[in-house]
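Everything below concerns the one structure shown next.
Only the coordinates and a few stated rules stand behind these numbers; no lab work does. Note that the structure is predicted; figures quoted are calculated from it, not measured. Every residue, glycine among them, receives a Cβ derived from its backbone with ideal geometry; neighbour counts consider all protein chains shown.
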Amino acid sequence: MTGKRSKRAPGALPRQPWRVHFFRRHPADDPAQAVPARSFLDMSPIKVSATMIAVVRAVADAPPPAFSGGGKWEAMHGKMSGIYEVRVDGPNRHHYRLFCVLEREGAQLGLGGPSLVLIAGKDKPFQTKLSEREYDEILALVGEFKSRKPRSVLT
C-alpha cells in the first residue's frame with residue numbers, strides 16, 4: 001500500500017481510525033439525493049475503484065494527519081485548499097481523481113467522530129488538466145456538504 005505511517009512516541013495510545021463516509025446530496029438541493037463519489041467509483045474501471053478505496057482505507061486507518069500520500073493522496077492548493085484528492089491512473093494512462101474532505105470535528109457534525117468524506121470524482125485524459133468549471137463543480141458540492149449540520153452523508 002502506498003504511504004507510510006508516522007512513528008508513535010513510546011507509551012502513546014494508538015491512533016483510532018477515522019470514519020469514512022460518502023457525501024449524499026440533500027433533498028433540498030437534489031431530490032434524487034445523488035451520491036456523486038459512489039456514482040464516480042461505479043463508472044470507473046474496477047481496478048481504479050479498488051485502488052481508490054484501498055487508498056481511502058489506508059488514509060483513514062493511519063489516520064490522515066499521520067498519512068504520507070506517496071502520490072496517491074494529495075492535499076490540494078489555491079482555491080481548492082482544504083480538499084484532498086486520491087489520484088489513480090487507469091487504462092491508457094487515463095487519470096482518475098476522487099475528491100475528499102477531512103472533518104476532524106466530525107462528532108460535532110453528526111458524523112460520529114473524525115471522518116474522511118468522499119465528495120465526488122472526475123477523470124481526464126493523459127497529460128491534461130481539469131477545467132476551472134470542473135473544479136468549480138467540486139467546490140460547489142463541497143460547499144453544499146459543509147452548509148449543513150448535521151452533514152448529509154450516506155448511512
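Reducing segment 118-155 and segment 40-86 to their Cα centroids gives an inter-centroid distance of 13 Å.
Using Cα springs under 10 Å in a Gaussian network model of the chain, which residue among Lys79, Lys122, Lys47 shows the largest mean-square fluctuation? Highest fluctuation among the options: Lys79.
What shape does the chain take by its C-alpha gyration tensor, where a ≥ b ≥ c are the square roots of the eigenvalues and a/c under 1.5 counts as rounded, a/b above b/c as prolate, and the rest as oblate? Judged from the Cα gyration tensor, the chain comes out oblate (a/c at least 1.5, b/c at or above a/b). Close amide H partners of Gly121, meaning residues 5 or more places away or on another chain with modelled amide H under 5 Å apart, are Phe40, Phe99. Note: relative contact order over the chain, using C-alpha pairs below 8 Å and six or more positions apart, is 28 percent. DSSP finds beta bridges in segment 19-146, and of those with both partners inside it, around 80 percent are antiparallel. The label point for Lys47 and the one for Thr128, both projected 7 Å from the Cα toward the Cβ, are 2.1 nm apart.
The calculated 222 nm mean residue ellipticity attributable to helices in the chain amounts to -8000 deg cm²/dmol, summing -39500 (n - 2.57) over DSSP H runs of n ≥ 4 and dividing by all residues.
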